[in-house]
Amino acid sequence: MFFPFVKKLSDVNMKDLAEAGGKNASLGEMISSLGKRGVSVPGGFIITASAYRHFIKFSGLDVFIKDALKNLDTKNLKQLADTGKRIRGEITGSPFPKDLEEAIAKIHAETEKIYGRDADFAVRSSATAEDLPGASFAGEHETYLNIRGIEDVLKASKKAMASLFNDRAISYREDKGFDHFKIALSVGVQKMVRSDLASSGIMFTLDTETGFPNVIIINATRGLGEMIVQGQVTPDEFLIFKPTLGKKSERNILKKVFSKNIYHPLISKKLGVKTRKMIYSDGINPTEIIRTSNSEREKFSISDQEVFELAAWGMEIEKHYTRLHGKWTPMDIEWAKDGRDGKLYIVQARPETIHSEKDNTKIKEYQLKDKGIQITKGASVGNAIASGKARIIISASQISEFKAGEILVTEVTDPNWEPIMKIASAIVTDKGGRTSHAAIVSRELSIPCVVGTENSTKLIKSGDEITVDTAGAEGIVYKGLLKFNVNEISTKNLPKTKTEIMINIATPDTAFGKSFLPNSGVGLAREEFIIADYIGIHPNTLINYAKLEGDLKKQVDKKTAGYKDKHGSSTRKKQYYIDNLSYGIAKISASFYPHPVIVRLSDFKTNEYRSLLGGDLYEPVEENPMIGWRGASRYYSPDFKEAFLLEVEALKKVRNEYGLTNTIVMVPFCRTVEEGSKVIGLMESNGLSRTKDKSLKFYVMCEIPSNVLLASEFLDIFDGMSIGSNDLTQLVLGIDRDGNDKIHSIANENSEAVKKMISAVIKVCRKRHKYIGICGQAPSDYPEFAAFLVKEGIQSISLNPDSIIGAIKRIHKEEQAI
């Protein structure tokens, strides 16, 4: 069947994959199917795969290419480079057949009638095996921006066709077993969005590191989006929670994404390092890179309203392609904002092909055996650890020096380096974010990658033995070849327990990955880790910002970049604390939604608070902080009350703004019932109210003997109790858990005295029909203690993530025996 050489983008869809290629078919699909849903996609035209084949055959290029590829060894990088260069040169040097050239000129003229004479276009390749689930060719071929006039469109189209034989594309097809001649290339000529005057970026409809499906991640930078793809900038990053976006009274999120009547679940927002941007050029090259202004660096590239609009589009696109493919199809989307009309546009969309194909019932866990000396750190990509010799590569001329198994350390990766990236054991870059070229390729290759370190090429030398660890919240590079463990666990065929098995979560950045473990929610989410890692500043330091001077003020300003007050007041600084605390809590609550997530209010001891920036100005020195000014006693104290109310604001934001109503508030170290009433009264009077919000629950930690002895009285004001076995053991037995090692061997949680206390409080809670669980360390450390809890009838046991699988099997066995 004859297929025309050219077609309007609006006249193709996903049924035309063989002629339009994945990228162009997807653009046409969105124009025809999602335009009516409010998704804006610029138009244009395509040069079909039939046109490409006609050109290759007419020019005799098919014979030339077959001959050039004979006996090619893709691991011989010099031979690969020479072969690719010869083929590309032959393609760009061959004239188009007259009938093809005339067809392109005609449709270009028709398109210019729509967009204006000398309109600017993006010329992109679209391979017939590219952008399809199971065949990821992302970034394998070229894009040319700001192309004007028919002559330049013809040249750019030929270059795009030649890019089918880039070194990396040749190598990729060889490795994947694709026949070079069964894949053709369509060229998309799409109206440019003037993002050089505004901003652009990338959006994924899942978490790119773990495959967690319930979030949308948006990266944004100033100018043209190629800077993100190339890894030249560390972009702004926004995280949106899908299940509550558009919920409440307004259901059509595309009509009113910023209505006051809906949730606005922007659960994380990070300011990037946007030192440069790509813009249109008046010179020989169509684009150029310039430095950004201080104002552009200090502000986010897009507004919150634009974030929600993009997220709503992302959900619509994912929904559409999921229906189309008959299975969940998360999407990798490129977007741009036009600086002239101020509107947002989708310029590309392709299925994500790494995590959507992954079996999430198999979980690999990596853990270092040794503590190493940190060299540098950056954004963590992939969940793995690798060690080896470093190789610094700055330019393409050094590629031949790279040896298999080495760790690639560079400023930024180039797409042409993919042949050496495939033989690297890990990658470390100075620049780039989680959606940069280095990050995308590393995920596909399943190797650890640390991006955006800013200084790795300065601190590491070729030949240095290093270890790259991306198993945690941050990607860290250590000195030396450190030993590590790798455990693979399977969540298939696990028995169902009557006892609810929950998870203890410390750092929010690990929560998405841990959510794949079998669980009934989170029994303990600690605010302290969020305050230390996300904020790092004592709340009173921010409250009293206007009084700060010297180095302390400079350090606070540096940490709170993007939260500047015009008149030097503390309003924005306090908002920094509220926002970042809410982001940390929200990440954990979102990971396990709709299961309950029990968030413990801050329980730093005075010595721990002193370690925060400015903390020494506000914290007393105590002989034994473990039984000092901590927990509930701080919240109503005149010296801390205002700081506590920042926590209340953060929790209100999580529940009322983000819609994470699965978040339960827990009060720690509450010595008396009267103290509990004061704290509840303070929360209620400041808007965190069970009277107004019937789904809100307040729990109390059961970790002091008075909590057990007066359990019924505590339950008159609280909705449940969670046993903190660490503190309860310390206070029942008089053993300081942070103290002298000489007394630790005397007894532990298995002590009869401790167990009697726990047994007693479980009975009271069950009698009162109130929640009772345990979130201490004991069930993770002592299997026999977990068995005791099951026999006593505890409702839930919250464990450390690494204990979950084994505990489920043991607890099920205990339940069967009862």
Against the definition (assigned to a loop (DSSP other than H, G, I, E, B) and either basic (Lys, Arg) or open to solvent by 10 Å² or more (accessible area, probe 1.4 Å) (or both)), how does Ser695 come out, yes or no? yes
Go through (1) modelled with pLDDT of 85 or more; (2) part of a helix (DSSP H, G or I) and name the single condition Arg173 misses. (1)
Considering (1) assigned to a helix (DSSP H, G or I); (2) touching a residue at least 60 places away in the same chain (Cβ under 8 Å), say which one Ala122 fails and leave the rest. (1)
Look through Ser677, Ser712 and report the one residue that is in a helix (DSSP H, G or I), touching a Lys or Arg at 6+ places or on another chain (Cβ under 9 Å) and open to solvent by 10 Å² or more (accessible area, probe 1.4 Å). Ser712
Give just the number: which of (1) over 24 Å from Val599 (Cα atoms); (2) open to solvent by less than 40 Å² (accessible area, probe 1.4 Å); (3) of a type outside the set (Ser, Thr, Tyr); (4) part of a helix (DSSP H, G or I) does Asp727 not satisfy? (1)
Of Glu474, Glu500, Glu528, the only residue that is of a type in the set (Asp, Glu), in contact with an Asp or Glu (Cβ under 7 Å, 6 or more places away or on another chain) and closer than 28 Å to Thr663 by Cβ is Glu528
Out of everything in segment 651-674 that is open to solvent by less than 20 Å² (accessible area, probe 1.4 Å) and out of contact with any helix residue (DSSP H, G or I) (no Cβ under 8 Å at 6 or more places or on another chain), what residue ends up being nearest to Asp579 (Cα to Cα)? Arg655
Applying the selection to segment 601-620, what residues are open to solvent by less than 60 Å² (accessible area, probe 1.4 Å) and among the hydrophobic types (A, V, I, L, M, F, W, C)? Leu601, Phe604, Leu612, Leu613
Show the residue pairs that are 6+ apart or on different chains and have beta-carbon atoms under 9 Å apart, the first residue being within segment 709-728 and of a type in the set (Phe, Trp, Tyr), the second being part of a loop (DSSP other than H, G, I, E, B). Phe714/Cys670; Phe718/Cys670; Phe718/Lys697; Phe718/Lys770
Out of Glu29, Glu90, which single residue is among the charged types (D, E, K, R) and surrounded by 22 or more Cβ atoms within 10 Å (Cβ to Cβ)? Glu29
(1) open to solvent by 30 Å² or more (accessible area, probe 1.4 Å); (2) assigned to a loop (DSSP other than H, G, I, E, B); (3) not polar (S, T, N, Q) all hold for Val732 apart from (2)
Can you tell me which residues in segment 574-626 are of a type in the set (Val, Ile, Thr) and without any contact (Cβ under 8 Å) to a residue 24 or more places away in the chain? Val621
Can you tell me which residue among Ile797, Ile772 is under 19 Å from Ser751 (Cα atoms) and modelled with pLDDT of 95 or more? Ile797
Count, please, the residues in segment 176-214 that happen to be outside any loop (DSSP other than H, G, I, E, B) and under 15 Å from the mean Cα position of the chain (by Cα). 4
Which residues, counting only those in segment 321-351, are of a type outside the set (Val, Ile, Thr), over 27 Å from Asp196 (Cβ atoms) and either open to solvent by less than 20 Å² (accessible area, probe 1.4 Å) or free of Cβ contacts under 8 Å to residues at least 60 places away in the same chain (or both)? Tyr321, Arg323, Gly326, Lys327, Pro330, Pro351
Is it true that some residue in segment 232-242 is modelled with pLDDT under 85 and either assigned to a loop (DSSP other than H, G, I, E, B) or buried (at least 17 other Cβ atoms within 10 Å of the Cβ) (or both)? no
Hey, can you tell me all the residues within segment 202-231 that are surrounded by 23 or more Cβ atoms within 10 Å (Cβ to Cβ) and among the small types (Gly, Ala, Ser)? Ala220, Gly223, Gly225, Gly231
So which residues in segment 621-644 are modelled with pLDDT of 95 or more, open to solvent by 40 Å² or more (accessible area, probe 1.4 Å) and in a helix (DSSP H, G or I)? Lys641, Glu642
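The values are calculated or read from the model by the stated rules, or taken from the named source; none is laboratory data. What you see is a predicted model, and the numbers here were worked out from it, not measured in a lab. Note that we place each Cβ from the backbone using ideal geometry, even for glycine, and neighbour counts take in every protein chain shown. In case anyone asks, the SASA skips ligands and DNA or RNA and just uses the protein heavy atoms, side chains included. Shrake-Rupley method; radii C 1.70, N 1.55, O 1.52, S 1.80 Å.
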